[in-house]
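The values are calculated or read from the model by the stated rules, or taken from the named source; none is laboratory data. From a predicted model like this one, the values you see are computed outputs, not experimental measurements. With ideal geometry, Cβ positions are generated from the backbone for all residues, glycine too; neighbour counts draw on all protein chains shown.
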């Protein structure tokens, strides 16, 4: 059995960590694909990430 802390594994969605998207301001929760990079995740989607990089 792994001894490393897992953020979302085995937890219902309501108990998983969440953040606020830097582009749209909406909250989003931990996803398995972000497990290794959760500290660096800033955007809820590719769309928001691309929108934030584009000049206004």
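Observations, loosely collected:
- Considering the stretch 16-26, the residues that are assigned to a loop (DSSP other than H, G, I, E, B) and under 9 Å from the mean Cα position of the chain (by Cα) include one that is surrounded by the fewest Cβ atoms within 10 Å (Cβ to Cβ), namely 17.
- If you go through the stretch 27-42 and keep only what is under 12 Å from residue 17 (Cα atoms) and part of a helix (DSSP H, G or I), you end up with 32, 34.
- Checking residue 9 against (1) surrounded by 11 or more Cβ atoms within 10 Å (Cβ to Cβ); (2) at pLDDT 80 or above, the condition it does not meet: (2)
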